[in-house]
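The values are calculated or read from the model by the stated rules, or taken from the named source; none is laboratory data. Nothing here was measured: the structure is a model prediction, and the numbers come from that model. With ideal geometry, Cβ positions are generated from the backbone for all residues, glycine too; neighbour counts draw on all protein chains shown.
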Amino acid sequence: MSVLTTLFQDFAARLCSTEFLNDARHSDHPTAFSRCRKLPLPTLVAIMLTGMRMSIQAELDTFFAHLRHQAQLVHEVSEQAFSQARAKLSLTAIPRLNDWLIARAEQDRLVPRWRGLRLVAADASTLRFGLRASHVKRAALADQILFGLFLPGPDLMLAASLHSVHERGERQFLFEHLDRLSPDDLLLLDRGYPCRWLVAVLNQRAIKFCMRVDNDSGFACVRDFMRSSANERIVILRAPDKQDAIDYECPRKPQRVRLVRNVSPTGAQRVLMTNLFDDKLYPADCFGELYHQRWGIEETFKRLKHRLNLEHVTGLTQQAVAQDVAAKIVCDNLQALVALTAHADAELPANKRINHAYAHTALKPLMPILLLGSVIGRKIGALLRGVLGLIAGRTYRHRENLSKPRKQGPKPHKAMSQKNC
């Protein structure tokens with residue numbers, strides 16, 4: 001509880017710091033946020049971090065009402081003023097806030113380790129933003145891909161980026177984010193990622209990995225392993241193609257990997273490929289549960305889309321869309337830390353999980369006060385203690401090995417012609 005209180009106090013101080021001011025100024029507006037206005041930089045960013053789901057004016061009036069502890073809406077800033085201010089905000093400002101938040105969570109030991117390693121899942125999801133036809137400069141495309149690196153233990157998004165649907169694919173997106181990983185990380189990947197050049201790159205950078213490999217993935221050694229009765233096997237993958245080795249600057253050498261057989265709760269057999277060779281520290285029977293933790297990123301994408309309305313954006317330009325996505329990721333990470341603290345403080349059993357939808361509802365009215373540091377530390381602690389009690393009281397029972405297969409067909413995307421109220 002005290003850790004969470006201090007975290008919010010330091011986060012509020014970060015928003016008001018000169019360092020953040022210098023990071024937040026757009027390169028086209030080097031003197032932005034210098035004058036004293038109704039919508040200064042900390043307030044602008046705080047509004048965006050509350051998870052904007054309604055119309056812009058409704059969100060603004062609700063924010064200032066909560067900031068003044070009023071039930072009646074307060075019309076203090078116009079929608080046009082918000083749009084003009086956010087145009088001067090750099091694209092890196094909010095992602096760097098997220099980097100600060102992740103580093104702080106690591107410092108406070110809120111990110112657990114699996115056998116001494118930090119788990120990092122990688123995946124991508126298609127987004128269809130509710131944009132209308134316009135003639136604005138640098139207008140955003142409606143269909144884009146969101147790639148993310150995710151920490152399954154505390155349910156935190158480590159990093160994320162938007163990409164065109166016409167770019168090279170998820171492997172390329174992952175390659176561009178490999179600098180965010182260290183030898184102490186264990187990368188969890190789904191069946192769309194395995195290829196020879198990626199294995200060579202990960203081994204070259206000493207990045208540990210565990211990825212699912214299908215029987216039809218093109219690896220002859222995987223097909224032979226599936227036909228055998230062995231539970232695990234050390235195999236050698238062919239060297240990457242010459243052009244791949246040049247493009248990704250990886251060694252054109254055969255790669256040694258370990259294949260592990262895993263049987264799902266439904267009885268389906270799947271193969272996991274890894275470079276964790278120590279069978280005493282990493283026995284074969286531990287990989288099924290390890291790979292299952294990757295599912296957390298799928299749930300986070302669903303939560304961002306359907307709970308925080310990620311596809312409902314507050315601007316038509318690519319800059320506005322990228323800012324909204326980054327802000328909602330930070331908003332979800334803050335909620336995840338609050339939910340994690342609520343679960344620990346209430347000493348809930350492992351099979352009880354926090355209802356994140358209710359956590360967002362309970363936390364949002366307090367976000368203006370928590371993010372702007374409008375009350376003293378003791379009052380913030382009292383507010384957090386009350387909301388943690390509410391959140392801990394809204395749980396559901398987690399049932400192991402519960403399978404809900406997806407229905408085949410196009411992904412549903414609701415029309416954005418009408419906004420939430």
>> If I ask for residues that are of a type in the set (S, T, N, Q), farther than 17 Å from LEU158 by Cα and assigned to a loop (DSSP other than H, G, I, E, B), which ones from the range 291-317 would you list?
In response: ASN309, THR314
> Can you tell me which residues in the range 100-122 are of a type in the set (D, E, K, R), at positive phi and either in contact (Cβ under 8 Å) with a residue 12 or more places away in the chain or assigned to a strand (DSSP E or B) (or both)?
Replying inline: ARG115
> Between a first residue in the range 223-234 that is in a loop (DSSP other than H, G, I, E, B) and a second residue that is surrounded by 14 or more Cβ atoms within 10 Å (Cβ to Cβ) and of a type outside the set (A, V, I, L, M, F, W, C), which pairs have beta carbons less than 7 Å apart while being 6 or more apart in sequence or on different chains?
Replying inline: ASN231/ARG261
> If a residue has to be over 19 Å from PHE173 (Cβ atoms) and under 23 Å from the mean Cα position of the chain (by Cα) to count, how many in the range 211-222 make the cut?
Replying inline: 0
> Of (1) assigned to a loop (DSSP other than H, G, I, E, B); (2) closer than 17 Å to PRO152 by Cα, GLY192 satisfies all except one. Which?
Replying inline: (2)
> Is it the case that the range 47-60 has a residue that's surrounded by fewer than 18 Cβ atoms within 10 Å (Cβ to Cβ), of a type outside the set (A, V, I, L, M) and farther than 30 Å from HIS177 by Cα?
Replying inline: yes
> In the range 191-202, which residue that is under 26 Å from ILE102 (Cβ atoms) and buried (at least 19 other Cβ atoms within 10 Å of the Cβ) is nearest to the chain's Cα centre (by Cα)?
Replying inline: TYR193
> Pairs, please: C-beta under 9 Å, at least 6 apart or cross-chain, first residue without any contact (Cβ under 8 Å) to a residue 40 or more places away in the chain and in the range 203-216, second part of a strand (DSSP E or B) and of a type in the set (A, V, I, L, M)?
Replying inline: ILE207/LEU186; ILE207/LEU187
>> Here's a check for you: in the range 200-216, which residue that is polar (S, T, N, Q) and in contact with a strand residue (DSSP E or B) (Cβ under 9 Å, 6 or more places away or on another chain) is nearest to ARG180 (Cα to Cα)?
In response: ASN203
> For the range 212-230, which residues satisfy the criterion of being exposed (fewer than 13 other Cβ atoms within 10 Å of the Cβ) and not small (Gly, Ala, Ser)?
Replying inline: ASP216, ARG227
> Taking the range 61-94, which residues are of a type in the set (D, E, K, R) and in contact with a helix residue (DSSP H, G or I) (Cβ under 6 Å, 6 or more places away or on another chain)?
Replying inline: GLU76, GLU79
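Conditions (1) assigned to a strand (DSSP E or B); (2) closer than 25 Å to LEU7 by Cα; (3) touching a residue at least 60 places away in the same chain (Cβ under 8 Å); (4) of a type in the set (Asp, Glu), marked per residue:
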site: THR126; (1), (2), (3), (4): yes, no, yes, no
site: LEU131; (1), (2), (3), (4): no, no, yes, no
site: HIS135; (1), (2), (3), (4): no, no, no, no
site: ILE145; (1), (2), (3), (4): yes, no, no, no
site: GLU167; (1), (2), (3), (4): no, no, no, yes
site: PHE175; (1), (2), (3), (4): no, no, yes, no
>> Give me the residue from the range 255-276 that is in a loop (DSSP other than H, G, I, E, B) and modelled with pLDDT under 95 and, out of that set, surrounded by the fewest Cβ atoms within 10 Å (Cβ to Cβ).
In response: GLY267
> Of ALA320, ALA245, which residue is out of contact with any Leu (no Cβ under 9 Å at 6 or more places or on another chain), touching a residue at least 12 places away in the same chain (Cβ under 8 Å), in a helix (DSSP H, G or I) and within 19 Å of ALA160 (Cα to Cα)?
Replying inline: ALA320
